[in-house]
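What follows is calculated from the coordinates using simple rules that are stated; it is not laboratory data. Computed from a predicted structure; not experimentally measured. Using ideal geometry, Cβ is built from the backbone for each residue, glycine included, and neighbour counts are taken over all protein chains shown.
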Amino acid sequence: MKQKRVAKIERKTKETAIKLELNLDGTGKTDIKSGIGFLDHMLDLWAFHGMFDLKLKCDGDLEIDTHHTTEDIALALGSALAEAVGEKKGIFRYGHSYVPMDEALIRAALDLSGRPEFVFHGEFTQPTIGYLDTQMITHFFKSLAVSSKMTLHLSILYGINDHHKCEGMFKSVGRALRAAVESDPRRKDVVSTKGTL
């Protein structure tokens, strides 16, 4: 019987209280309440296109701004991803995805390497989308990469509408992650000549 790749994370600080459950072998079902409507929408897209089940409840200090909530959710989600994927035996390890979102085109390439790195190319033209500061979008992905120990290269190749750019980013990373965590029927060990990740 295949081992379940599920992780439950509880993270509590003076700024946020988070309960999160991630199932890598899900169907894209979500129950997300971050307190930031646009972030909920983006995480829903991420899970749907990654075929991950995600439950998330966050109570954060949104009376200050969106920084702590966005960052801490990314850190919790990255920790859940690292825990759920486990020893990484038999997975593809690498994933990439191009996602067109109307006039915008996004590329994500990632490696579940155990070496955290985040490289981003692109820009936003407006300071917020909904109540989410656009500078927090890239900070979200950086925090996700660091806490999951993933190498993530993410690029807005072109585009005009900031909502479309952001939506493409979450979809693209979700699809790339789905490819990376999929089981390779030809491999039982870790995809590394070193024998470990």
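Expected output is a single nm value to one decimal: the length gained when fully extending between T196 and H67, i.e. 0.36 nm times separation in residues minus the C-alpha distance. What is it?
Gain on stretching T196 to H67: 43.0 nm.
Can you classify the stretch 6-116 as rounded, prolate or oblate using the Cα gyration tensor, where a ≥ b ≥ c are the square roots of its eigenvalues, rounded means a/c under 1.5, and otherwise it's prolate if a/b beats b/c and oblate if not? The partial results should precede the final answer.
Values: a/c = 1.76, a/b = 1.27, b/c = 1.39.
Note, shape of the stretch 6-116 comes out oblate.
Where a Cα-Cα gap under 21 Å defines reach, which lysines qualify for K89, not counting those fewer than 8 residues away within the same chain?
Here the lysines satisfying the reach criterion relative to K89 are K2, K4, K8, K149, K188, K194.
Run the simple label-point estimate for D189 and E87 please: 7 Å along Cα→C-beta, distance reported in nm.
So the two model labels end up 1.3 nm from each other.
Using a simple spin-label model with points 7 Å from Cα along the Cα→Cβ vector, what separation in nm is obtained for D31 and H96?
About 3.8 nm separates the two model spin labels.
Once you list every other residue whose beta carbon is under 12 Å from the beta carbon of A145, what net charge do they have if Lys and Arg are +1 and Asp and Glu are -1?
On the way: positive: R115, K142, K149; negative: D111, E117.
Charge balance in the 12 Å sphere: +1.
Any idea what angle helix 67-85 forms with the longest principal axis of the chain, computed on alpha-carbon atoms, 0 to 90 degrees, nearest 10?
Here the helix axis deviates by roughly 10 degrees.
Plugging the Kirkwood radius over Cα pairs into Stokes-Einstein for the stretch 144-197, at a temperature of 20 °C and a viscosity of 1.002 mPa s, what D comes out in µm²/s? All intermediate terms of the calculation are to be shown ahead of the outcome.
On the way: Rh = 13.6 Å.
Approximately 157 µm²/s, per Stokes-Einstein.
Length gain on complete extension for the stretch E182 to Q135, per 0.36 nm per residue less the alpha carbon to alpha carbon distance?
Numbers: separation 47, 0.36 × 47 = 16.92 nm, distance 3.10 nm.
Full-extension gain reported as 13.8 nm.
Sort the chain into rounded, prolate or oblate with this rule: let a ≥ b ≥ c be the square roots of the eigenvalues of the Cα gyration tensor; rounded if a/c is under 1.5, and if a/c is not under 1.5, prolate when a/b is larger than b/c, oblate otherwise.
oblate
Taking the chain as a Gaussian network, Cα atoms linked when under 10 Å apart, which of A104, A176, A145 shows the biggest mean-square fluctuation?
Greatest mean-square fluctuation among the candidates belongs to A104.
What's the FRET efficiency of Q3 with I160 using the Cβ-Cβ distance as r and R₀ = 45 Å, to the nearest 0.05?
0.50
Could you give the angle, 0 to 90 degrees to the nearest 10, between helix 162-181's Cα long axis and the longest principal axis of the Cα atoms of the chain?
10
So what are the radius of gyration and Dmax for the Cα set of the stretch 102-197, in Å?
15.1, 47
Which of these, I64, I18, I137, has the largest mean-square fluctuation under a Gaussian network model of the chain (Cα springs below 10 Å)?
Its mean-square fluctuation being the largest, the pick is I64.
In what sequence do M101, M42 fall when counting other Cβ within 10 Å, fewest first? Spell out each step's value before the answer.
Numbers: M101 20, M42 26.
Lowest to highest Cβ neighbour count: M101, M42.
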